[in-house]
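First comes the structure, then the notes that go with it.
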Amino acid sequence: MDRREFLRNSTYCGLALAFGGPLTALRAHATTAPGDQRWEGFYRDEFLDTRGDAQGFAFHCSNCQGNCAWKVFAKDGRVTREEQSAAYPQIHPRIPDANPRGCNKGIVHSREMYQGDRLLHPLKRVGERGEGKWERVSWEEALEDIATRVVGTLTEQGPGELMIYAGTGILSQGRRAGPLRLGSLLGAQRLYPASAVGDMFTGASLAYGLANTGHSLDAWFDADAIFLWAINPIVTRIPDAHYLNEARYNGATIYTISPDYNPSCKFATHWVPIKPGTDAYLAMSLLHVLLRDGHVDDAFVREQTDLPFLVREDSGELLRHRDLRARGKEDVFYCWDEASGKEQPMPGTPGHFKKTLRLGKLRPALGGRYEVKGKEGELIPVTTVFERVRAEAANYPPDETQAITGIHPELVERMARDLARSDKAIINIGFALHKYVSGTMSCWAAALACALTGHAGERGGIDTEHNWSLNGIGPLSSPKPARFASGFFSEWLNGDMQASMDTHYSDEHLKATVGYDSKDVARQVAENRESGKAYYGKPKALLLFADNMFRRNKTEAHHREALLSNLDIFVDINHRMDSTALWADYVLPAKSHYESWDIRGELGYHRFCNVTIPPEGLKPVGETRSEWTICRGLSEAMAKVAKARGIEPIPDPDFLVEEGDMAAPVMRDLQTLPDDFTDGGTLNNDEDVVRWLMENVEQIAPWTPEDARKNGFVILNEKAGFTSPLYANRPYHSFERNVYLREPYKTHSGRQQFFVDHPVFKEHGWTVPTAMGPLRPPSFPLAFYTPHTRWGIHSQWRTNAQLLRLQRGEPYLWLNPATAAAREVGEDDRVRVFNDVGEFIARVKLMPAVPPEAVVMDHAWEPHQFEKRIGLNSTVAGMISLLELPDGWGHLTFSPNWDGNMIAHESSVEVEKA
Ligand SMILES: Nc1nc2c(c(=O)[nH]1)N[C@H]1C(S)=C(S)[C@@H](COP(=O)(O)OP(=O)(O)OC[C@H]3O[C@@H](n4cnc5c(=O)[nH]c(N)nc54)[C@H](O)[C@@H]3O)O[C@H]1N2
Ligand SMILES: Nc1nc2c(c(=O)[nH]1)N[C@H]1C(S)=C(S)[C@@H](COP(=O)(O)OP(=O)(O)OC[C@H]3O[C@@H](n4cnc5c(=O)[nH]c(N)nc54)[C@H](O)[C@@H]3O)O[C@H]1N2
Ligand code: SF4
Ligand SMILES: [Mo]
């Protein structure tokens with residue numbers, strides 16, 4: 001509702017007219033004398049009017065980790081406002097509560113719902129793809145045509161040619177279940193979203209066998225030291241950022257490590273102004289100081305890590321049982337036991353009969369060189385992982401890495417000291433770190449720094465992205481096996497990304513900065529295609545839900561063309577016309593955040609599981625339908641086609657099920673699809689789905705939808721923690737089961753792992769954490785990186801008029817005044833940003849806070865907000881890291897905890913006046 005509309009509709013109207021028209025009325029109020037209460041009346045009336053006649057609850061199911069409960073008000077079936085719910089209980093009198101939660105973006109959704117780019121009706125493309133010519137069609141017509149074509153793909157080409165991908169626009173458990181379930185019944189490809197977008201924490205995967213690990217954010221409050229490493233919580237974790245201020249007030253020392261003075265820096269005690277992409281050098285220098293000064297928590301390291309494991313000096317590999325015994329095991333590893341003066345198998349390794357980290361009488365040596373007798377009686381020289389780590393870290397004294405990182409040695413010493421002497425220290429690894437090739441190493445080294453200083457459990461440690469464990473969802477989202485595919489790897493191949501990598505990065509430069517070249521990448525990619533990371537080929541049919549694939553990917557247009565050229569049919573399901581929907585054959589209008597039942601409990605920054613319950617009597621916006629309803633409609637339309645054509649169940653031999661003593665292929669039965677989808681008519685709508693989840697996910701027990709009606713949320717129980725219990729009255733810390741109960745970690749060694757002897761790691765000298773990068777080529781002078789924006793969750797809310805007014809209304813980038821002056825560019829000038837893979841045009845905002853060697857731009861303007869509709873990813877060359885490709889070595893085997901990233905921040909650019 002705009003101002004005029006508001007004035008027309010509101011009860012204030014009569015009063016305004018009495019003053020001689022709305023404007024006069026406002027002016028009269030603006031000049032009221034002190035003590036005049038009429039302004040208050042104005043707002044009270046607005047409040048009353050927009051609080052409407054019905055109230056529900058909602059959260060935003062976008063890729064925002066906030067997960068905030070809102071009250072949503074509606075009048076005459078139309079949402080009129082949202083208010084932050086402030087009902088979360090305090091878990092302990094000494095810990096600040098999680099209220100009120102919310103942000104500038106969430107609160108505009110009531111307007112965004114009705115704004116101009118909202119999709120209202122099914123649309124069918126009538127011009128060329130991307131031409132923007134559409135015809136409005138009925139749901140029946142759209143579903144029938146889509147069903148006919150998808151059934152054609154399935155019967156003629158097989159189930160693997162269909163991709164049903166649910167992107168990051170619906171990351172809740174309710175709304176996401178529709179596309180997942182349909183895809184699973186049909187055997188469609190399903191990309192792993194975390195790696196498709198570049199949000200994998202492979203450094204944490206290496207160390208813990210877990211990518212997402214950490215704390216609930218109230219755990220910041222009583223930390224002694226907090227290291228914000230390539231993360232900007234003031235902007236990207238808005239509703240929890242208060243815990244940082246409160247921690248500071250409570251005595252914490254806070255470091256921010258970032259090239260720009262980002263908004264979180266002013267809440268820190270120290271800013272560590274690192275040069276872009278050089279973090280692995282800083283991390284190695286931290287290790288250098290810790291080891292040099294003996295800051296080693298001896299007991300912790302011996303028991304909880306692989307640092308005492310023996311390494312063969314001849315082969316450079318871990319000493320294994322099979323080295324000592326004929327037919328010995330692959331996964332039993334050894335230490336040098338000081339008590340018995342010989343090698344001993346470490347308990348808790350996967351192949352050891354003792355499934356505990358408890359050392360008993362063992363006293364594993366951390367250092368030294370020894371000899372052990374091999375299976376043929378030969379003497380094998382061995383040393384420890386600890387020695388290897390110490391030797392590697394010795395190469396990175398802070399006064400030498402300063403030339404690369406720009407960080408003064410005294411600051412590094414201070415960081416190391418603060419980490420070592422803190423009772424509780426947390427290193428938050430931001431999502432920006434693994435968008436550099438060195439991110440894996442930086443994070444792995446930071447994990448090692450936490451291990452050396454004993455930071456785990458209640459003493460803190462690494463925090464990447466923390467999620468809760470929700471069991472029991474499988475039968476809903478994956479009743480049959482689907483083609484779960486590596487996200488980054490599929491995007492790499494589907495988008496033909498190697499082409500722009502080869503253009504932008506020369507092999508000599510690659511070798512010099514990261515030690516491998518494009519041939520090494522191509523070879524590993526080919527090897528993985530044969531045997532490793534799950535990849536199912538370019539799809540022929542794509543049903544894309546809530547994903548802006550053609551915006552988020554690197555070399556936008558090249559990726560798009562490579563994928564589109566192979567597609568017989570592309571259907572986009574979104575609540576608004578985004579840059580990807582623009583290229584679809586069909587666009588189907590979805591409901592958005594406030595409009596259907598939903599539930600979200602997996603985000604681990606707080607313990608509350610939010611539930612969306614739309615206000616009573618809410619009218620659909622246009623002809624929008626929920627994802628569940630759309631998928632049910634598709635299943636019905638497909639069954640109709642299958643019946644008409646007499647299509648029998650299609651065998652899918654990629655997946656086998658037991659049938660008596662035999663293995664039989666899974667059958668994809670199109671005729672029974674609607675019944676299978678609704679589970680015999682019990683899961684008809686979103687409310688049914690939410691009820692099912694509340695009844696079947698044990699972490700949500702004992703709550704019911706009726707409980708959620710009180711405040712829009714329920715509270716997860718103790719079982720929600722992956723690696724620790726979630727205590728009712730304490731912040732969550734990870735790895736308590738390992739640290740206190742001595743349960744093995746989910747790694748190859750059963751311990752925190754800092755030595756990997758996969759052949760690729762060995763060949764490139766990566767067996768222990770080391771430094772590499774930065775990779776950006778010198779052919780263009782400026783680094784280009786794109787932190788996440790305050791004004792949207794990626795492209796969501798990015799076109800909202802209110803928010804655009806707060807940020808110049810059109811795409812702009814930040815330039816250091818010196819960088820701008822050298823190019824005779826001034827404030828608000830239009831500039832061309834270019835390199836050898838693309839170019840785009842944007843305005844300049846002069847910003848002393850960004851480093852002179854970089855162009856920094858808020859991530860996720862829509863390409864169609866730029867001139868010529870070319871967005872910022874046009875200048876980002878494709879790049880994947882060889883470190884993230886190896887597959888099939890212990891815990892480094894494709895799974896949600898081992899996949900890779902599309903590298904976003906290693907391209908370089910030049911800027912000139914447009
Ligand atoms: N408001 C808002 N919140 C969001 C999102 C959003 O779009 N908007 N998106 C969500 C999602 S999906 C994600 S992935 C996260 C991302 O949020 P964050 O984890 O905070 O990551 P970024 O914003 O990409 O970058 C954080 C900071 O990294 C720093 N940085 C850049 N390059 C380097 C470097 O080379 N070294 C170091 N040490 N620091 C560097 C920059 O100062 C930047 O501000 O935010 C989530 N939250
Ligand atoms: N250069 C560069 N590239 C990057 C990054 C970077 O930092 N730099 N960051 C990367 C990261 S971390 C991420 S997470 C990705 C994010 O990139 P994308 O995954 O493309 O995220 P969005 O642009 O938010 O797209 C989500 C879509 O979901 C839609 N949507 C929202 N709610 C609903 C709903 O309820 N129903 C339906 N059907 N649709 C809905 C939204 O309208 C939006 O179009 O970008 C990646 N790309
Ligand atoms: S966008 Fe995220 S932080 Fe903002 S209100 Fe919604 S859930 Fe909360
Ligand atoms: Mo992300």
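Details
- Filtering the range 155-189 to residues that are away from ligand 2 (no atom under 13 Å from the Cβ), farther than 13 Å from L542 by Cβ and outside any helix (DSSP H, G or I) leaves G158, Q173, G187.
- Of all residues in the range 119-148, those satisfying the criterion of being part of a helix (DSSP H, G or I) and out of contact with any Pro (no Cβ under 9 Å at 6 or more places or on another chain) are E140, E144, D145, I146, A147, T148.
- Residues that are in a helix (DSSP H, G or I) and either under 22 Å from the mean Cα position of the chain (by Cα) or over 24 Å from A230 (Cβ atoms) (or both) within the range 458-481 comprise E458, G474, P475, L476, S477, listed in sequence order.
- Of the candidates E112, E82, E128, the single residue that is free of Cβ contacts under 8 Å to residues at least 24 places away in the same chain and of a type in the set (D, E, K, R) is E128.
- Test result for L123, touching a Gly at 6+ places or on another chain (Cβ under 9 Å) and of a type in the set (A, V, I, L, M): no
- Residue in the range 860-873 that is under 22 Å from the mean Cα position of the chain (by Cα), more than 16 Å from ligand 3 (Cβ to nearest atom), under 14 Å from F489 (Cα atoms) and at pLDDT 95 or above present: no
- Matching residues in the range 217-245 - criterion: being outside any loop (DSSP other than H, G, I, E, B) and either among the aliphatic types (A, V, I, L, M) or on the phi > 0 side of the Ramachandran plot (or both): L217, A219, A225, I226, L228, I234, V235, I238, L244
- Summed over the range 265-284, the residues that are over 11 Å from L228 (Cα atoms), within 12 Å of ligand 1 (Cβ to nearest atom) and not polar (S, T, N, Q) give a count of 10.
- Residue in the range 417-425 that is more than 15 Å from ligand 1 (Cβ to nearest atom) and assigned to a strand (DSSP E or B) present: yes
- Scope the range 339-380; condition hydrophobic (A, V, I, L, M, F, W, C), surrounded by fewer than 18 Cβ atoms within 10 Å (Cβ to Cβ) and part of a strand (DSSP E or B); matching residues: L379
- You will find that of D496, D502, D568, D520, the residue that is acidic (D, E) and touching a strand residue (DSSP E or B) at 6+ places or on another chain (Cβ under 9 Å) is D568 and no other.
- Any hit, the range 35-54, residues being away from ligand 4 (no atom under 16 Å from the Cβ), in contact (Cβ under 8 Å) with a residue 40 or more places away in the chain, under 26 Å from M577 (Cα atoms) and not aromatic (F, W, Y): no
Quick grid of which residues meet (1) part of a loop (DSSP other than H, G, I, E, B); (2) at pLDDT 95 or above; (3) out of contact with any Ser or Thr (no Cβ under 9 Å at 6 or more places or on another chain):
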residue: Y732; (1), (2), (3): yes, yes, no
residue: N738; (1), (2), (3): no, yes, no
residue: G750; (1), (2), (3): yes, yes, no
residue: V760; (1), (2), (3): no, yes, yes
residue: V768; (1), (2), (3): yes, yes, yes
residue: P774; (1), (2), (3): yes, yes, no
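- Flag if T704 is more than 16 Å from Q173 (Cα to Cα) and hydroxyl-bearing (S, T, Y): no
- Elements of the type helices (runs of 4 or more DSSP H) sitting completely within the range 628-711 and holding at least 2 residues that are surrounded by fewer than 14 Cβ atoms within 10 Å (Cβ to Cβ): these cover 705-711.
- Filter result (aromatic (F, W, Y) and within 9 Å of ligand 1 (Cβ to nearest atom)) within the range 770-796: Y785, W791
- The residues of the range 81-99 that are buried (at least 20 other Cβ atoms within 10 Å of the Cβ) and either within 16 Å of ligand 2 (Cβ to nearest atom) or assigned to a strand (DSSP E or B) (or both), listed by number, are R81, E82.
- Scanning the range 160-192 for residues that are more than 20 Å from A581 (Cα to Cα) and basic (K, R) yields one hit, R181.
- Screening the candidates E371, E313 for the property of being in contact with a strand residue (DSSP E or B) (Cβ under 8 Å, 6 or more places away or on another chain) and free of Cβ contacts under 8 Å to residues at least 60 places away in the same chain yields one hit, E371.
- Exclusive hit being within 16 Å of ligand 4 (Cβ to nearest atom) and of a type in the set (D, E, K, R), set E602, E623: E602
- Check on A230, within 21 Å of V272 (Cβ to Cβ) and without any contact (Cβ under 8 Å) to a residue 60 or more places away in the chain: no
- Every residue from the range 381-410 that is farther than 30 Å from E343 by Cβ and not in a helix (DSSP H, G or I): Y396, P397, G406, I407, H408
- Just one of (1) surrounded by fewer than 24 Cβ atoms within 10 Å (Cβ to Cβ); (2) within 16 Å of ligand 2 (Cβ to nearest atom) fails for A211. It is (1).
- Taken together, R798, R805 contain a single residue that is at pLDDT below 95, of a type in the set (K, R), away from ligand 4 (no atom under 16 Å from the Cβ) and closer than 21 Å to M857 by Cβ, which is R805.
- Of all residues in the range 556-577, those that are more than 16 Å from ligand 4 (Cβ to nearest atom) have Cβ atoms under 6 Å from Cβ atoms of residues that are of a type in the set (D, E), 6 or more apart or on another chain, in A562/D496; I569/D585; F570/D585; R576/D117; M577/D117.
- Each residue in the range 117-163 was checked for being over 22 Å from K640 (Cβ atoms), of a type in the set (D, E, K, R) and in contact with an Asp or Glu (Cβ under 9 Å, 6 or more places away or on another chain), and 4 pass.
- When P179, P239, P273 are checked against the criterion of being within 16 Å of ligand 3 (Cβ to nearest atom) and of a type outside the set (S, T, N, Q), a single residue qualifies: P239.
- Residues that are within 24 Å of the chain's Cα centre (by Cα) number at least 1 in the following strands (runs of 3 or more DSSP E) confined to the range 503-601: 541-545, 569-574, 598-600.
- Scoring L206 on the criteria (1) in contact with an Asp or Glu (Cβ under 8 Å, 6 or more places away or on another chain); (2) under 30 Å from C450 (Cα atoms); (3) of a type in the set (A, V, I, L, M) leaves a single failure, condition (1).
- Strands (runs of 3 or more DSSP E) lying entirely in the range 253-321 (those with 2 or more residues that are aliphatic (A, V, I, L, M)): 253-257, 310-312
- The single residue among E862, E910 that is closer than 13 Å to E810 by Cα and acidic (D, E) turns out to be E862.
The values are calculated or read from the model by the stated rules, or taken from the named source; none is laboratory data. Remember, it's a predicted structure, so these values are computed and weren't measured experimentally. Cβ atoms come from the backbone with ideal geometry, glycine included; neighbour counts cover every protein chain shown.
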